[in-house]
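The values are calculated or read from the model by the stated rules, or taken from the named source; none is laboratory data. Keep in mind it's a predicted model, so treat the numbers as computed, not measured. Heads up, the Cβs are rebuilt from the backbone with ideal geometry, glycines too, and the neighbour counts pull from every protein chain shown. Keep in mind that these areas ignore ligands, DNA and RNA; they rest on the heavy atoms of the full protein, side chains included. Shrake-Rupley method; radii C 1.70, N 1.55, O 1.52, S 1.80 Å.
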Amino acid sequence: SLAFVDIPAGGRVVSYREGATAAVSVVADADDVLRLRIDNRAQEGSSATGLVDGRQALLPLLLHAAPHRALFLGLGTGITAATAAVDPGLEVDAVELLPEVIDASHRFLPAASPRLRVVQADARRYVRSTTRRYDVVVADNFHPARAGAASLYTVEHFAAVRDTLRADGLFCQWLPLHQLDLATLRSIVRSFMTIYPDGHALLASNSLGTPVIGLVGTPARRRYDAMAVHDRLSHASPRPDAFGIEDEYALLGSFVAGPRALSAFAQAAPLNTDDHPVVAYLAPRITYAPASQPHERLLDVLNAWSLAPTDLLAASTSAVADRLRAYGAARLPYLETGTRTRPSPDVETMLAQVQQPLLAVLRISPDFRPAYDPLLRMGEALARVDAVAARALFAELARVQPERREAFEALRGLSTVRP
């Protein structure tokens, strides 16, 4: 057979379709996790990545004060666009080149949303020809080594996207750092900043294996008001806290670089243009001969970038700026802890590795919930085998973050347990 589909042990092929330009498969593993693949290589998402896929919709949408129409370039599993379409006040268009991907996406979505319109078209052509204007445009993680994908990172395409935005619109280009080397990233960033000179960068999540960076650009200079962001989160649908966006610090704290840092990072890189497509030539190298691991590239980037609260905030008290600065400072030691941690099913083994480093992160920023939440969950597991040690952990969590009630409630739950 010339249909090449890798099937994991205990897995099965759920669907397979050959099209004019690609073969698209959905493969389930032994745990029934579905994965969407193009040409048996590029993974376009899975049923287990809904949290991060949803964040890639919500982060840019929540940065807009009141979006009414959004455009998603690239569909993949459809989870990102479908998450956006949960908002009853938002009309969502999603453009996908491959009809086989559109067909496969139904395997990942529980039901079609009347507010989600899927268009089978080339993203570049759609952006150039549409007469619609959008509040938010979100571009998917296009694998730059796939044929044609590099043209979605050109100066000309970024300019065409800008022309589809309303005056107060926002564009977010997601970049798969696990599929990009730093030379390619620099070219894309410089090309983006040519059109959006006041651009910023944010992280989709704290993943070390599949880190995804977002470049955020607007037609006009934009800064964010922390109180307005707080109000926006309190009225958003779906609930942002279900996706780890609990408050204004989680949202604004996802930013990792401002315009000065991005410009300095990319200043010597060649522009990626239609007549000088450097990304098309650079990107395949990392696919076949990677010189570094994704987490190494992520840490290199974060060490090179910086973000001052004044780069982001319109106006704020010094307390808000200080908390946001501390949130950003907590990220790097948190991620570095992750690189040193070896997973174990034994909670005491895990805590021996992460308890003190994560508490140190929380002392930098009590708002940094990615460090608080796992300690809380491990404390709950620890309570079943060592109530005394669990009580000490909950007490320390309560000290470093007194504004959250979970640790206090866990302590009350242990109050009847004797040492």
message = Within segment 356-372, does at least one residue satisfy the condition of being open to solvent by 40 Å² or more (accessible area, probe 1.4 Å), among the polar types (S, T, N, Q) and at pLDDT 95 or above?
response = yes
key: Meets criteria (modelled with pLDDT of 95 or more, basic (Lys, Arg), under 29 Å from the mean Cα position of the chain (by Cα) and more than 25 Å from Leu51 (Cα to Cα)) for Arg342   = no
query = For segment 284-309, what are the residues that are exposed (fewer than 12 other Cβ atoms within 10 Å of the Cβ) and among the β-branched types (Val, Ile, Thr)?
reply = none
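Matching residues to (1) open to solvent by less than 40 Å² (accessible area, probe 1.4 Å); (2) of a type in the set (D, E, K, R); (3) without any contact (Cβ under 8 Å) to a residue 40 or more places away in the chain:
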position: Thr83; (1), (2), (3): yes, no, no
position: Val95; (1), (2), (3): yes, no, yes
position: Asp103; (1), (2), (3): no, yes, no
position: Asp122; (1), (2), (3): no, yes, yes
position: Ser129; (1), (2), (3): no, no, yes
position: Arg146; (1), (2), (3): no, yes, no
query = When you scan segment 274-336 for helices (runs of 4 or more DSSP H) that lie fully inside it, which ones turn up with 2 or more residues that are at pLDDT 95 or above, within 25 Å of Gln355 (Cα to Cα) and touching a Ser or Thr at 6+ places or on another chain (Cβ under 9 Å)?
reply = 294-304
ask   = When residues of segment 193-225 are filtered for being farther than 21 Å from Pro333 by Cβ and not in a loop (DSSP other than H, G, I, E, B), how many remain?
value = 9
request  = Please find, within segment 274-297, the residue that is nearest to Pro144 (Cα to Cα) out of those that are more than 23 Å from the chain's Cα centre (by Cα) and among the small types (Gly, Ala, Ser).
outcome  = Ala280
inquiry  = Looking only at strands (runs of 3 or more DSSP E) that lie completely in segment 65-184, which have at least 2 residues being more than 29 Å from Leu34 (Cβ to Cβ)?
reply    = 134-139, 165-176
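Here is a yes/no grid of residues against (1) touching a Pro at 6+ places or on another chain (Cβ under 6 Å); (2) open to solvent by less than 10 Å² (accessible area, probe 1.4 Å):
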residue: Asn141; (1), (2): yes, no
residue: Leu152; (1), (2): no, no
residue: Val155; (1), (2): no, no
residue: Asp163; (1), (2): no, no
residue: Gln173; (1), (2): no, yes
residue: His178; (1), (2): yes, no
residue: Leu182; (1), (2): no, no
residue: Arg186; (1), (2): no, no
residue: Arg190; (1), (2): no, no
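Residues checked against (1) closer than 20 Å to Thr83 by Cα; (2) at pLDDT below 95; (3) out of contact with any strand residue (DSSP E or B) (no Cβ under 7 Å at 6 or more places or on another chain):
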{"site": "Gln179", "(1), (2), (3)": "no, yes, yes"}
{"site": "Ile188", "(1), (2), (3)": "no, no, no"}
{"site": "Leu203", "(1), (2), (3)": "yes, no, no"}
{"site": "Val212", "(1), (2), (3)": "yes, no, no"}
{"site": "Arg222", "(1), (2), (3)": "no, yes, yes"}
{"site": "Met227", "(1), (2), (3)": "no, yes, yes"}
{"site": "Gly244", "(1), (2), (3)": "yes, no, yes"}
request  = Determine, yes or no, whether Arg399 is open to solvent by 60 Å² or more (accessible area, probe 1.4 Å), over 27 Å from the mean Cα position of the chain (by Cα) and closer than 24 Å to Ser415 by Cβ.
outcome  = yes
query = In segment 27-73, which residue that is more than 18 Å from the chain's Cα centre (by Cα) and under 27 Å from Leu313 (Cα atoms) is surrounded by the fewest Cβ atoms within 10 Å (Cβ to Cβ)?
reply = Ala66
